[in-house]
Amino acid sequence: MSQRWAADDDILADVGAALRSVGDSADPVRAAGLRAFAVRGMAGTAPVAPISYDSLMDSAQLRDATARRTLEFESAGLSVEIAVSHDGLVGQLIPASAGRVAMITLETEVCTDTDGLGCFTLPLPPPGPVRFRCQAGPAEMVTDWVRL
């Protein structure tokens with residue numbers, strides 16, 4: 001065996017030892033991955049609405065950490081605007097109409113009904129990715145995942 005191969009074997013042995021030493025600390029990462037895989041198909045047949053606006057991209061927002069963050073997601077038949085503050089989330093379905101909104105995280109799903117104008121409130125989600133499933137009449141959509 002050449003010296004080069006012996007060095008590679010040594011490197012692989014060191015990498016294997018390092019991975020084995022991680023032990024139980026990798027379990028939360030594995031569990032989060034399994035939860036993410038489980039909820040990946042929650043959109044069903046609803047169109048996935050990409051983010052169309054995020055106030056974090058505004059230069060004024062970058063300078064003011066206390067400013068309220070605003071997000072917009074748009075699909076062909078339904079859109080949602082969400083304002084994030086330290087108190088929670090406030091949002092509105094567009095077009096304005098009564099409906100239902102579900103906030104989905106890797107851990108939980110919290111649902112609420114909107115009023116006749118499509119307005120709703122939700123608590124702050126736990127840290128991590130979140131998405132929203134919105135329905136108003138026959139229109140339905142699921143947002144992309146985003147970190148708030």
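The values are calculated or read from the model by the stated rules, or taken from the named source; none is laboratory data. Because the structure is a prediction, the values reported are computed rather than measured. Backbone-built Cβ (ideal geometry, glycine too); neighbour counts: all protein chains shown.
Some notes on this structure:
- Neighbours by Cβ (under 8 Å, 6+ apart or cross-chain): first from segment 96-120, on the phi < 0 side of the Ramachandran plot; second assigned to a loop (DSSP other than H, G, I, E, B) and acidic (D, E): A98/D115
- Only one of the listed residues (F132, F120) is aromatic (F, W, Y) and within 30 Å of R30 (Cβ to Cβ). That residue is F132.
- The listed residues are D144, D115, and the only one of them that is modelled with pLDDT of 95 or more and farther than 12 Å from I82 by Cβ turns out to be D115.
- Residue match in segment 132-139 (condition: under 18 Å from the mean Cα position of the chain (by Cα), outside any strand (DSSP E or B) and not assigned by TED's automatic domain parsing to the domain that holds G33): no
- Qualifying positions in segment 60-75 - modelled with pLDDT under 65 and basic (K, R): R63
- For segment 96-117, a residue qualifies if it is under 17 Å from A46 (Cβ atoms) and either surrounded by 15 or more Cβ atoms within 10 Å (Cβ to Cβ) or more than 13 Å from the chain's Cα centre (by Cα) (or both), and the qualifying residues are S97, G99, R100, V101, A102, M103, I104, C111, T114.
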